[in-house]
Amino acid sequence: MEGKQDYIFLKKRHISYLRRSLSILPSSTANYDTSRMTVLFFSLSGLDILHALDDVPEQEIQEIVEWIYSLQLTSEDGYPCGGFRGGHCVTNVAAEATPQDSYNIGHSNKIKQQTSNQYNDHQMSSVCQTNGILSKNSNTELDVRINEGDSSIPQKLLKMCNGNKKKINLSSDTNNAKGLSNTNTVYSKSDGKPPFSNLSSNQEDIHLQFSSVYASQSPLDTGHIAMTYTALASLLLLGDDLARVDKEAVLQHVASLQCPDGSFLSNAGGSENDLRFVYCAAVICHILADSSAINIDAAVTYITDCLGYAGALGQGALQESHGGSTYCGVAALHLLGALKKNAGNVSASKDNDATATNETDNATVTSNVAANDSSAAVAASSYDSEADTELHGLLSPRELDSLVRWLIMRQQDTCDTTPEAVNAREGGLQGRPNKPADTCYTFWVGAALKLLGCEHLLDLNSLLQFVLSTQDPVTGGLAKHSSSGADGLHTYLGLSGMAVLGLLPLQDAMPVDPALNMTCRAVKHLRDLNLRSRR
Amino acid sequence: RKRRRREAQRTQRGSLYFCVPPSCVASTPMTDFEVQEDKTMYPFSTNPEWSDITPLKQDDGPNPVVSILYSKRFSESMDYFRAILQKDERSPRALRLCSEIIDLNSANYTAWHFRRACLKELDSNLTEELKYVSEITLQTPKNYQLWFHRRKLVEWLNDPSLELEFTAKVLESDSKNYHVWSHRSWVNQHFNLWDGELAFTKSLLEQDLRNNSAFNHRYTVVKHTTGFTREVIQSESRFVFELITKAPNNESAWNYLRGLFDTNEFSQHDEFQRFTEDVISGTKSVHAYSFLVDILMRRKQNSDLLRAVEICKNLGSELDEIRVKYWKYVEKLIRQQIQDE
């Protein structure tokens with residue numbers, strides 16, 4: 001870095017940018033319409049990091065809290081699977097009384113049964129189906145088919161049905177059509193039966209009112225795992241006590257999205273499944289201090305299967321190692337490890353709470369020495385050294401070494417020399433080998449290293465200069481490169497990344513918990529809520 | 001056509017209205033579903049086809065936050081979409097309405113979900129639908145919902161015949177698009193289609209030997225086909241040696257080499273080491289040195305470990321200064337290893 005002027009951190013500009021995104025977003029952001037909750041999280045968490053959340057008027061805080069809760073799906077509304085939506089796109093769509101088949105794509109009477117080309121989309125049908133089946137209505141009975149081997153799920157289903165006074169006949173699906181990989185096969189209505197079929201006479205009142213089978217809302221109006229996670233995180237940031245969170249419904253929502261291979265979908269309408277949603281599930285369970293809804297072992301297996309030949313994690317097995325998925329996997333292992341440890345604990349006292357705030361130095365990956373000398377202000381992190389042991393037990397020393405090596409190699413000592421990148425700096429972090437450095441990896445790669453106790457091995461000074469070079473001095477906010485425009489995601493992850501790594505003075509940026517991606521202050525609030533003791 | 005799409009992309013995200021040229025200059029026939037300039041249904045309020053529908057406005061509550069300033073077209077289209085969802089009307093016009101919504105916001109997963117419901121209900125021609133998805137892919141090639149939808153179609157059709165060619169085409173505009181590689185990999189595995197995959201990665205690496213995704217795909221292909229036998233490791237390492245010779249500090253190539261090295265406990269350490277020593281005798285490649293450190297650390301002899309220490313010192317002080325702290329850390333690890341012996 002020959003004689004280049006150091007960049008200044010434009011704190012006030014970023015606060016303005018984040019305050020603006022809290023209220024209004026331009027029409028060019030229409031593609032965030034279903035994920036406004038994440039934009040909210042970026043704004044709130046970003047402001048919190050910059051010590052600016054307290055400047056938001058209390059009334060506005062309460063309005064935001066109300067908006068978040070307005071996006072929750074609760075059992076009282078008739079939703080068996082809860083969670084939060086990302087926006088109000090379809091929240092006021094009520095299902096009309098027209099008798100309609102469910103969204104069980106597998107068995108519409110109008111579609112001819114084809115043998116090998118069957119429309120057996122279990123992901124689509126299963127949970128959407130349960131959204132319909134389990135609404136409040138006492139006089140219905142349904143045949144429900146489950147897949148063999150799924151013994152735990154019917155119990156949950158039965159429990160929910162008993163709560164709603166609904167009689168369910170369970171039968172095994174012995175003719176399970178060729179299972180698709182990663183399907184969330186739970187249960188679906190039996191094939192071939194028309195909507196108004198009369199069931200056998202020795203059962204309860206069986207008049208099937210199809211219009212009332214559904215909840216009052218559209219079965220298309222489902223929660224989304226990433227919106228649920230960011231909703232809970234946002235509530236914590238706002239100092240809410242989560243008393244209005246329908247915990248059972250949220251956990252049911254998360255449980256219903258887990259696939260047989262341990263990964264998670266994002267929503268009941270069907271989606272891709274990968275490490276991003278495993279991370280979301282892990283955070284949700286951590287916040288609610290309850291892992292009973294998910295199969296931790298399966299999730300851990302999925303994560304470790306994501307380790308690639310290059311040493312880091314792809315989004316799925318054998319997929320390309322990538323900074324984002326690596327973070328999601330490492331953080332999820334960390335959180336799930338802690339959850340597993342706590343699963344057996346009865347006592348809810350803070351002392352026993354293994355996730356209590358710890359002052360931490362940089363715990364080493366192996367038992368060997370870490371050069372902890374020149375790192376900037378060490379953040380008090382609330383991650384737990386016992387959980388670290390859990391994590392280290394899951395990966396071999398060699399795997400951990402390779403992982404650290406891969407992450408450290410993401411730092412670029414060259415810089416973007418294209419004409420637009422006039423203000424570029426070297427020292428940035430890339431997401432994969434031979435890709436350009438990008439501000440958001442400051443968090444993904446930086447926080448992963450922090451969780452592994454090796455973040456101090458980065459060249460923090462040049463990294464800081466790179467990130468600051470991506471600031472937009474006019475609008476505020478940060479961009480992926482110095483030649484791009486600012487957006488919410490890069491703004492937040494740039495700030496959070498710098499905070500996790502302690503790159504900024506404490507009066508500019510609060511310390512951030514690397515596993516939960518929130519300020520330590522918000523995490524402390526979570527601890528103080530002591531949710532594990534709440535029943 | 002590609003150029004106009006790119007122009008549209010550069011103007012506004014999320015507002016790709018009219019990015020399709022008139023059909024007279026189209027090189028391939030338009031599908032029924034694609035939103036065309038003269039066939040958009042907007043404005044719905046004056047469109048006789050929609051006169052029976054009462055639009056349903058979004059209810060954001062009394063004090064909304066993170067409010068998007070929707071365009072008129074966006075708002076109105078969504079209002080009609082909500083109305084159709086309320087009716088649960090899975091009709092041809094509903095399907096076209098989904099296309100409008102997807103055109104305005106391809107990330108709207110509810111639109112894609114409802115679209116699939118319509119396709120089923122209407123017993124639609126899924127080959128046509130696949131064509132539609134292909135047509136709109138380049139507008140939003142990194143959209144998760146689009147690729148998930150495509151996967152569903154391919155599953156329902158149980159027909160992968162277009163996929164390899166299509167993914168190859170999309171990779172032409174972005175050879176490292178993660179979604180495309182995931183999809184291609186899924187097709188390979190789901191349909192057991194591996195012929196020509198190795199050659200495909202080779203051709204991509206010939207175009208750009210720094211394509212990390214191509215290397216990763218190659219590893220996946222070998223894993224699923226021959227496996228990493230002694231012979232395969234030999235031929236693969238020859239392949240990588242050649243690429244490294246062309247670009248001695250290409251991390252992607254060295255990672256792949258290390259992947260081969262790690263795969264087989266009985267792999268030819270000597271040959272790997274010989275090659276690496278050869279490289280560093282000619283050029284100061286950080287990744288070559290780094291790999292040599294790994295090889296030496298596997299050995300237990302002090303002489304090797306001490307040499308590894310020296311290399312770390314060299315890397316930290318001169319060759320890879322940005323990682324001086326990391327190389328000091330590795331040095332300490334090795335010293336610890338020496339002490340433990």
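The values are calculated or read from the model by the stated rules, or taken from the named source; none is laboratory data. Here the structure is a predicted model, which is why all the values come from computation and not from measurement. So basically every Cβ, Gly included, is an ideal-geometry build from the backbone, and we count neighbours across all protein chains shown.
Some points to look at:
- Single residue of region A:30-64 satisfying the filter (free of Cβ contacts under 8 Å to residues at least 40 places away in the same chain and touching a Gly at 6+ places or on another chain (Cβ under 7 Å)) that is surrounded by the most Cβ atoms within 10 Å (Cβ to Cβ): A:30
Residues are listed down the side, and each one gets a yes or a no for (1) on the phi < 0 side of the Ramachandran plot; (2) surrounded by 14 or more Cβ atoms within 10 Å (Cβ to Cβ); (3) of a type in the set (A, V, I, L, M); (4) in contact (Cβ under 8 Å) with a residue 12 or more places away in the chain:
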position	(1), (2), (3), (4)
B:207	yes, no, no, yes
B:224	yes, yes, no, yes
B:232	yes, yes, yes, no
B:238	yes, no, no, no
B:244	yes, yes, yes, yes
B:256	yes, yes, no, yes
B:261	yes, yes, no, yes
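- Test: residue in region B:299-322 that is surrounded by fewer than 19 Cβ atoms within 10 Å (Cβ to Cβ), within 13 Å of chain A (Cβ to nearest Cβ) and over 33 Å from the mean Cα position of the chain (by Cα): yes
- Within region B:263-283, tally of residues that are of a type in the set (D, E, K, R) and either closer than 24 Å to residue A:399 by Cα or buried (at least 18 other Cβ atoms within 10 Å of the Cβ) (or both): 3
- Which numbered condition residue B:215 misses (of (1) touching a Ser or Thr at 6+ places or on another chain (Cβ under 7 Å); (2) away from chain A (no Cβ under 13 Å); (3) within 18 Å of residue A:433 (Cβ to Cβ)): (2)
- When A:294, A:303 are screened for being more than 10 Å from chain B (Cβ to nearest Cβ) and over 22 Å from residue A:41 (Cβ atoms), only A:303 passes.
- Condition met for residue A:278 (touching a residue at least 60 places away in the same chain (Cβ under 8 Å), under 18 Å from residue A:38 (Cα atoms) and buried (at least 24 other Cβ atoms within 10 Å of the Cβ)): no
- Scanning region A:281-302 for residues that are without any contact (Cβ under 8 Å) to a residue 60 or more places away in the chain and among the β-branched types (Val, Ile, Thr) yields a count of 4.
- Some residue of region B:166-184 being part of a helix (DSSP H, G or I), surrounded by 19 or more Cβ atoms within 10 Å (Cβ to Cβ) and free of Cβ contacts under 8 Å to residues at least 24 places away in the same chain: yes
- Considered as a group, the residues in region B:66-117 that are more than 7 Å from chain A (Cβ to nearest Cβ) and of a type in the set (Val, Ile, Thr) include one that is nearest to residue B:137 (Cα to Cα), and that residue is B:102.
- Selected residue (only one of A:275, A:238, A:251 is over 13 Å from residue A:83 (Cβ atoms) and under 16 Å from the mean Cα position of the chain (by Cα)): A:275
- Residue match in region B:329-340 (condition: more than 23 Å from residue A:403 (Cβ to Cβ) and in contact with a Lys or Arg (Cβ under 9 Å, 6 or more places away or on another chain)): no
- Residue in region A:295-315 that is at pLDDT below 95 and part of a loop (DSSP other than H, G, I, E, B) present: yes
- Yes/no for residue B:113 being without any contact (Cβ under 8 Å) to a residue 12 or more places away in the chain, assigned to a helix (DSSP H, G or I) and within 24 Å of residue A:227 (Cα to Cα): yes
- Filter result for residue B:291 (within 12 Å of chain A (Cβ to nearest Cβ), closer than 21 Å to residue A:433 by Cα and modelled with pLDDT under 95): no
- Just one of the listed residues (A:474, A:467) is among the β-branched types (Val, Ile, Thr) and within 27 Å of the chain's Cα centre (by Cα), namely A:467.
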